[in-house]
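Engineer: Mind looking over this structure? Questions follow.
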Protein chains: 2
Amino acid sequence: MTGSPARPLSRQDLAFLLYEWLDVESLTARERFAEHSRETFDAVMDLSEDLAMRLFAPHNKASDAHEPRMLPDGTVEMIPEVKKALDAFSQAGLIAGSFDGELGGMQLPVVVARAAMAWFQAANISTAGYPFLTVGNANLIAAHGSPAQVDTFVRPMLAGRWFGTMCLSEPQAGSSLADVTTKAVKDDGAEPGRYRITGTKMWISGGDHELTENIVHLVLAKVPGAPAGVKGISLFIVPKHVPDGGVRTAAERGGEAALGGRNDVTLVGLNHKMGNRGTTNTLLAFGDGTHPVDGKAGAVGYLVGEENKGLVYMFHMMNEARIGVGFGAIALGYAGYQTSLEYARIRTQGRRPGEKDPSTPPVALVEHADVRRMLLAQKAYAEGALALGLYCSMLVDQEKTADDDAVRARTTLLLDVLTPIAKSWPSQWCLHANSLAIQVHGGYGYTRDYDVEQHYRDNRLNPIHEGTHGIQGLDLLGRKMIMQGGAGLVLLAQTIEATAERARQAGGDAAGYAEELSAAVARLTEVTGTLWAGGGAEDTAQVALANSSVYLEATGHVVIAWMWLEQLLATGGKDGDFYEGKRTAARYFYRYELPRTGPQFDLLASRDRTTVDLDPAWL
Amino acid sequence: MTGSPARPLSRQDLAFLLYEWLDVESLTARERFAEHSRETFDAVMDLSEDLAMRLFAPHNKASDAHEPRMLPDGTVEMIPEVKKALDAFSQAGLIAGSFDGELGGMQLPVVVARAAMAWFQAANISTAGYPFLTVGNANLIAAHGSPAQVDTFVRPMLAGRWFGTMCLSEPQAGSSLADVTTKAVKDDGAEPGRYRITGTKMWISGGDHELTENIVHLVLAKVPGAPAGVKGISLFIVPKHVPDGGVRTAAERGGEAALGGRNDVTLVGLNHKMGNRGTTNTLLAFGDGTHPVDGKAGAVGYLVGEENKGLVYMFHMMNEARIGVGFGAIALGYAGYQTSLEYARIRTQGRRPGEKDPSTPPVALVEHADVRRMLLAQKAYAEGALALGLYCSMLVDQEKTADDDAVRARTTLLLDVLTPIAKSWPSQWCLHANSLAIQVHGGYGYTRDYDVEQHYRDNRLNPIHEGTHGIQGLDLLGRKMIMQGGAGLVLLAQTIEATAERARQAGGDAAGYAEELSAAVARLTEVTGTLWAGGGAEDTAQVALANSSVYLEATGHVVIAWMWLEQLLATGGKDGDFYEGKRTAARYFYRYELPRTGPQFDLLASRDRTTVDLDPAWL
């Protein structure tokens, strides 16, 4: 009923952002990316678009309608198209895209790998979830695991033979990792670094399936005697099947790891979600004794790095995962925009205001001002968020390849400040974009015959997982903005101000927006100071953080306004529909969106105590 | 997994709004309601709460998971609990609640009937949809039909033997009724007023089912030679089964109508929706020739009133239906609030800011400021919207029973202005409340084991049907605010100002809010003038209406701020958790919500042309 589907992303926009704006080609001057060129980047984009449209998009609806189910034998059944698509993805080498050549990767810049991955997320977020999680897992082990762990676990994951998960939450502890109760005890007599893990993990995406021969779980657990709270958390690799011969380097083993016995990791059940249904989401039991390897209790796990440093390692992955979640939200927002734009161009309905003659033919939906507002809003949200996602990804590349420690430190700091926004802003506003996409479709958009209702359901996950919206707000205002004596905020303000200064030089609309943006940044700085005035006293923190979600949202709008000024400058006055579109979306953002922050900053500046002083009995 | 479900509404709040605030008992001084008392009102509320909780709530999830399906024989299959619940609803006399005693009704005030109906909407919006539509249909025929039509069609509907629908949209014309193409031709040789109807109607809720022995469709169609556009639309009663002996009064017939032959109304298909799945939504063919009654072409239909006045009659019902849709959104928003509040009180997670000792036990979710913000926002949305819905319903009662034409005219005018807001504001903000309810639940809220994800999916319909959000904006700014020389806006401003004046006298917080409210109303009045400055020139209308959705949203927030000031005044300084809760929610609305209108009014005042000047090729 929908005709040929719209392309869910725009190659022209991606090319604009990557080459005309970010100058991603400049990265090829760095040693790590020296083998690359615009041609190799474009080849990856071509390949990704082709695979995504050919193998991922066609089963997006089917995997929603026929979600994975757990069979009586404890295995998971899902539609066969998922495995077919993922095998092609793996065979194309895309899981290893940004990894070192030494590990079989393409050594692509992260910014290019993210853009390529966005095609899959836009086409089918659920199927794309499996490699997405695997990349995050492999990245962490590559960064913090031993050479033997890298060879044993990372190599099969990069080849797509094994997939990976992250096991943080427990049924009683979702956001609160301090309350993790999963236990790890040293496996006496076994190889060093081997532990036995016992506990239950909840919300584990990709936690079980038959897509790959093995699944590598990264599990947070506590060893006996560890400090209370997050300082006592350690990180373990717990594979579904223990590798034959244990953990060894490729040289020791003479090749890649093969499967050994089944580990004591049991699928207890699948969660049934509103959307994102194609990605299994599981309750897993580690070491409940039903699948003993050797008669001992507990699943076999291998310590990553040192004991009690698990959360530090995990945060390394979580920052990337958070930007990745943002990309998922962006991809869905973008897909909804493209889908509703195509619909608005084809579907006719009603007449323009002032047209009194009902015998004139109806006009296309896109002729109505309110429909244009809804499309322009979607464009501003999706393209603004995509710019931020790519900008952050470029920072990851710059951080990784900086040859100056001071530059690296600044890059890390800016990335730290931007990460909660890169996660939360798309999760909020690209979800809103999906709602507008439904609205453009009218009643049709509310039916499952069209794609937009699924985008909306799929995207509703994103403000929840990898740290809820509320957690991101606490992270931004309670940690990122005040660490290093507030250096993060200063750096963010300076970086934005540099753009504003360029815009003033450029003149025209850009100069006007620069004034508004500078004023908003000044307000953000002032309000942050007001919130923390009084130092670290308990009541100060309570009042300051009471409206951290509002702070997160206001800061997010300032950052996206900055992204739109950057894009406006990057159009460089060029002619053509595409560039006019960019300029109009920038205008939309400065006229309709940035002003929303005024009342938010007012509220924050008042250090409002409404929620602090509330007695829950009043609710 | 959810334990015993929370009550989806609050009896204490309903009692506060109906008795302490609106003084609904005062209606019993009017002749129409003279038989009633607070006792009879409370008895209806008791009955409704009991039936809703006992027969509607328990199958809410089941009718979502097992949506109605069309069988090969063209009938509709659904879970049996739906019919059981509706039969009990009908037998309790609730369909006829607000109808005349002469028709077998209870002659309840509409405001009480709406409050009673809200229990069913909160418990199970899909099952409640069938009587909801039937009441609207019966109301219209009772108001505009002939005595014979009333006896033939309304009486069986009020008894619950037959249900009713509204058939406006067509596949090519959703919002644009000017483009209706369904045809009606006089049925030569048949009884007067009998026509033959041919055409296809889309999005017909309750359009087919086996719940009742007959279905009474109200169908918009055009007779040959009628004026183009909406001025040529007539209204017809098209029953699924033609009544035995045609349309006759009860006296002529000697009792209620019985079924005659099957009419030529065919179920073409069911629409499969994101939510609201239990209410069938249908594509219906009228007169496609497959079910001839008498060998002639076309379904048998009976003209209501006069030809070409169909839209006038339909608007009578549409205004009520719009307030009713608002109530549906409110009920779902309220249910989500109550559900997430209960969850937040039971579920523990994390610790307060400043608590450095991870060995202290986790606190209940409701102890976290950001969770309180999400709960307080839901309370402010749901209770604020409920106040508006009941206020509008009370206006309906006052309009119906006014003994002074001038009072009646003013009441009608105020109701006309408020109707687009009573429909759109809850549809937007109680949906947002449902999103917050999910967020309070964290990952659990995204699963189908909990109720809140269904509330969110169910509620997403409400900004679409009975006039989209955009249509409501055009109605408010393009019609309601300028008709009678702008008298509607003047009346609204005066009415709000009277509340503000009382608040100034009351002093304290109320006086402060009164200043903010008066300023917002002044801004609304000023901006409305600015938008229409330039008179009715085509470009004026285009620019004025370009941001009518923004205007609708800003006006809605002003109106709900008024409703919160009214509620605050109604607490009268009384002590107790309930009243503190009302005062805190009022504070929340004035601190967090009303200020949102500032940038919206600024945008409107600028007569922004961004969407008007946009070339669709730029998108």
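The values are calculated or read from the model by the stated rules, or taken from the named source; none is laboratory data. All of these numbers come straight from a predicted model, not from anything done at the bench. All Cβ positions, even for glycine, are placed from backbone atoms using ideal geometry, and neighbour counts span all protein chains on display. What goes into the accessible areas is simple: the full protein's heavy atoms, side chains included, and nothing from ligands, DNA or RNA. Shrake-Rupley method; radii C 1.70, N 1.55, O 1.52, S 1.80 Å.
Engineer: Can you go through A:N276, A:N281, A:N263, A:N271 and tell me which one is among the polar types (S, T, N, Q), assigned by TED's automatic domain parsing to the domain that holds A:W203 and over 30 Å from B:G275 (Cα atoms)?
Structural biologist: None of the others qualify; the one that does is A:N263.
Engineer: What number of residues within the range B:335-365 are within 8 Å of chain A (Cβ to nearest Cβ) and under 28 Å from the mean Cα position of the chain (by Cα)?
Structural biologist: Of the residues in that region, 1 qualify.
Engineer: Could you tell me whether B:L568 is open to solvent by 10 Å² or more (accessible area, probe 1.4 Å), within 12 Å of another protein chain (Cβ to nearest Cβ) and at negative phi?
Structural biologist: Details: open to solvent by 10 Å² or more (accessible area, probe 1.4 Å): yes; within 12 Å of another protein chain (Cβ to nearest Cβ): no; at negative phi: yes.
So B:L568 fails the test.
Engineer: I need every pair where a residue in the range A:220-245 that is free of Cβ contacts under 8 Å to residues at least 40 places away in the same chain and outside any loop (DSSP other than H, G, I, E, B) has its Cβ under 9 Å from the Cβ of a residue that is surrounded by fewer than 17 Cβ atoms within 10 Å (Cβ to Cβ) and not charged (D, E, K, R), sequence separation at least 6 or different chains.
Structural biologist: Correct list of pairs: A:H241/A:L259; A:H241/A:G260; A:H241/A:G261.
Engineer: Something else now. Mind counting the residues in the range B:187-219 that are within 30 Å of B:D87 (Cβ to Cβ) and either in a loop (DSSP other than H, G, I, E, B) or among the basic types (K, R) (or both)?
Structural biologist: Total meeting the criteria: 9.
Engineer: Identify the residue in the range A:146-184 that is touching a Pro at 6+ places or on another chain (Cβ under 6 Å) and away from every other protein chain (no Cβ under 14 Å) and, among all such residues, is nearest to A:T282 (Cα to Cα).
Structural biologist: Per the criteria, the residue is A:W162.
Engineer: Kindly evaluate B:E593 against the criterion of being open to solvent by less than 10 Å² (accessible area, probe 1.4 Å), assigned by TED's automatic domain parsing to the domain that holds B:A493 and of a type in the set (D, E). Step through it out loud before you land on a result.
Structural biologist: Values: open to solvent by less than 10 Å² (accessible area, probe 1.4 Å): yes; assigned by TED's automatic domain parsing to the domain that holds B:A493: yes; of a type in the set (D, E): yes.
Against the criterion (open to solvent by less than 10 Å² (accessible area, probe 1.4 Å), assigned by TED's automatic domain parsing to the domain that holds B:A493 and of a type in the set (D, E)), B:E593 qualifies.
Engineer: Let me ask something additional. So A:I496 fits all but one of (1) open to solvent by 50 Å² or more (accessible area, probe 1.4 Å); (2) hydrophobic (A, V, I, L, M, F, W, C); (3) more than 14 Å from chain B (Cβ to nearest Cβ); what number is the exception?
Structural biologist: Here A:I496 clears every test but (1).
Here's the yes/no breakdown for (1) modelled with pLDDT under 95; (2) within 20 Å of B:N459 (Cα to Cα); (3) open to solvent by less than 10 Å² (accessible area, probe 1.4 Å); (4) in the same structural domain as B:L284 (by TED's automatic domain parsing):
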site	(1), (2), (3), (4)
B:A118	no, yes, yes, no
B:T127	no, yes, yes, no
B:Y130	no, yes, yes, no
B:L140	no, no, yes, no
B:V154	no, no, yes, no
B:Q172	yes, no, no, yes
B:V185	no, no, no, yes
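Engineer: Could I ask something else about it? Out of (1) in a strand (DSSP E or B); (2) away from every other protein chain (no Cβ under 14 Å); (3) crowded, with 24+ Cβ neighbours inside 10 Å, the odd one out for A:A257 is which?
Structural biologist: Status for A:A257: all satisfied but (1).
Engineer: Quick one: how many residues across the range B:305-325 are in contact with a His (Cβ under 9 Å, 6 or more places away or on another chain), open to solvent by 50 Å² or more (accessible area, probe 1.4 Å) and over 14 Å from B:N139 (Cβ atoms)?
Structural biologist: Counting residues in the range B:305-325 that are in contact with a His (Cβ under 9 Å, 6 or more places away or on another chain), open to solvent by 50 Å² or more (accessible area, probe 1.4 Å) and over 14 Å from B:N139 (Cβ atoms) gives 2.
Engineer: Any residue in the range B:481-491 that is of a type outside the set (S, T, Y) and within 30 Å of A:T468 (Cα to Cα)?
Structural biologist: Within the range B:481-491, not a single residue is of a type outside the set (S, T, Y) and within 30 Å of A:T468 (Cα to Cα).
Engineer: Could you list, in sequence order, all residues of the range B:68-97 that are more than 24 Å from B:F153 (Cα to Cα) and crowded, with 20+ Cβ neighbours inside 10 Å?
Structural biologist: Residues satisfying the conditions are B:P68, B:M78.
Engineer: Mind checking which residues of the range B:283-335 are farther than 30 Å from B:A123 by Cβ and in contact with a helix residue (DSSP H, G or I) (Cβ under 6 Å, 6 or more places away or on another chain)?
Structural biologist: Within the range B:283-335, B:V304, B:G305, B:N308, B:L311, B:Y313 meet the criteria.
Engineer: Looking at A:G245, A:G189, A:G206, which one is out of contact with any helix residue (DSSP H, G or I) (no Cβ under 7 Å at 6 or more places or on another chain) and of a type outside the set (K, R)?
Structural biologist: On inspection, the qualifying residue turns out to be A:G189.
Engineer: Among residues belonging to the range A:452-470 that are at the interface with chain B (Cβ under 8 Å from one of its Cβ atoms) and hydrophobic (A, V, I, L, M, F, W, C), point out the one that is surrounded by the fewest Cβ atoms within 10 Å (Cβ to Cβ).
Structural biologist: It comes out as A:I464.
Engineer: Which helices (runs of 4 or more DSSP H) sit wholly inside the range A:1-118 and have at least 3 residues that are charged (D, E, K, R)? Let's see the steps before the verdict.
Structural biologist: Numbers: elements: A:11-15, A:38-51, A:60-65, A:80-91.
In the range A:1-118, A:38-51, A:80-91 are the helices (runs of 4 or more DSSP H) which contain 3 or more residues that are charged (D, E, K, R).
Engineer: Something else: Does the range A:542-564 include one or more residues that are surrounded by fewer than 17 Cβ atoms within 10 Å (Cβ to Cβ), within 11 Å of chain B (Cβ to nearest Cβ) and in a helix (DSSP H, G or I)? Before you say what the answer is, go through the steps one by one.
Structural biologist: Restricting attention to the range A:542-564, the residues satisfying the condition of being surrounded by fewer than 17 Cβ atoms within 10 Å (Cβ to Cβ) are A:542.
Remaining after also requiring within 11 Å of chain B (Cβ to nearest Cβ): A:542.
From what is left, the residues that are in a helix (DSSP H, G or I) are A:542.
Checked against the condition, which is being surrounded by fewer than 17 Cβ atoms within 10 Å (Cβ to Cβ), within 11 Å of chain B (Cβ to nearest Cβ) and in a helix (DSSP H, G or I), the range A:542-564 yields at least one hit.
Engineer: If you take the residues of the range B:604-617 that are buried (at least 19 other Cβ atoms within 10 Å of the Cβ) and outside any loop (DSSP other than H, G, I, E, B), which of them is farthest from the chain's Cα centre (by Cα)? Give the derivation first.
Structural biologist: Just the residues of the range B:604-617 that are buried (at least 19 other Cβ atoms within 10 Å of the Cβ), to begin with: B:604, B:608, B:610-611, B:614.
Now narrow it down to the ones that are outside any loop (DSSP other than H, G, I, E, B): B:604, B:610-611.
On the way: B:L604: 28, B:T610: 32, B:T611: 30 Å.
Of everything passing the filter in the range B:604-617, B:T610 is farthest from the chain's Cα centre (by Cα).
Engineer: Let me spell it out: the conditions are (1) among the basic types (K, R); (2) more than 9 Å from every other protein chain (Cβ to nearest Cβ); (3) open to solvent by less than 30 Å² (accessible area, probe 1.4 Å), and B:R504 meets all of them except one. Which number is the exception?
Structural biologist: (3)
Engineer: Could you tell me which residue of the range B:585-619 is nearest to B:W562 (Cα to Cα), considering only residues that are at the interface with chain A (Cβ under 8 Å from one of its Cβ atoms) and among the hydrophobic types (A, V, I, L, M, F, W, C)?
Structural biologist: Applying the filter and picking the extreme gives B:L603.
Engineer: Now for a separate question. Quick one: count up the residues across the range A:523-541 that are free of Cβ contacts under 8 Å to residues at least 12 places away in the same chain and either crowded, with 23+ Cβ neighbours inside 10 Å or away from every other protein chain (no Cβ under 14 Å) (or both).
Structural biologist: Adding up the residues that qualify gives 2.
Engineer: Let me ask you something else. Conditions: (1) surrounded by fewer than 23 Cβ atoms within 10 Å (Cβ to Cβ); (2) without any contact (Cβ under 8 Å) to a residue 40 or more places away in the chain; (3) within 29 Å of A:A122 (Cβ to Cβ); (4) in contact with a Ser or Thr (Cβ under 7 Å, 6 or more places away or on another chain). A:T447 meets all but one. Number of the miss?
Structural biologist: Among (1) surrounded by fewer than 23 Cβ atoms within 10 Å (Cβ to Cβ); (2) without any contact (Cβ under 8 Å) to a residue 40 or more places away in the chain; (3) within 29 Å of A:A122 (Cβ to Cβ); (4) in contact with a Ser or Thr (Cβ under 7 Å, 6 or more places away or on another chain), the lone unmet condition for A:T447 is (4).
Engineer: For the range B:342-353, indicate whether the set of residues that are farther than 30 Å from A:I233 by Cα and either assigned by TED's automatic domain parsing to the domain that holds B:A184 or in contact (Cβ under 8 Å) with a residue 40 or more places away in the chain (or both) is non-empty. Before you say what the answer is, go through the steps one by one.
Structural biologist: So in the range B:342-353, the residues farther than 30 Å from A:I233 by Cα come out as B:342.
Right, trim to either assigned by TED's automatic domain parsing to the domain that holds B:A184 or in contact (Cβ under 8 Å) with a residue 40 or more places away in the chain (or both) and you get B:342.
Yes, some residue in the range B:342-353 is farther than 30 Å from A:I233 by Cα and either assigned by TED's automatic domain parsing to the domain that holds B:A184 or in contact (Cβ under 8 Å) with a residue 40 or more places away in the chain (or both).
Engineer: All but one of (1) open to solvent by less than 30 Å² (accessible area, probe 1.4 Å); (2) among the hydrophobic types (A, V, I, L, M, F, W, C); (3) more than 30 Å from A:R448 (Cβ to Cβ) hold for B:L47; state the number of the condition that does not hold.
Structural biologist: With respect to (1) open to solvent by less than 30 Å² (accessible area, probe 1.4 Å); (2) among the hydrophobic types (A, V, I, L, M, F, W, C); (3) more than 30 Å from A:R448 (Cβ to Cβ), B:L47 is out only on (1).
Engineer: Among the candidates B:L376, B:L395, B:L386, which residue alone is at the interface with another protein chain (Cβ under 8 Å from one of its Cβ atoms) and buried (at least 22 other Cβ atoms within 10 Å of the Cβ)?
Structural biologist: Checking each option against the conditions leaves just B:L376.
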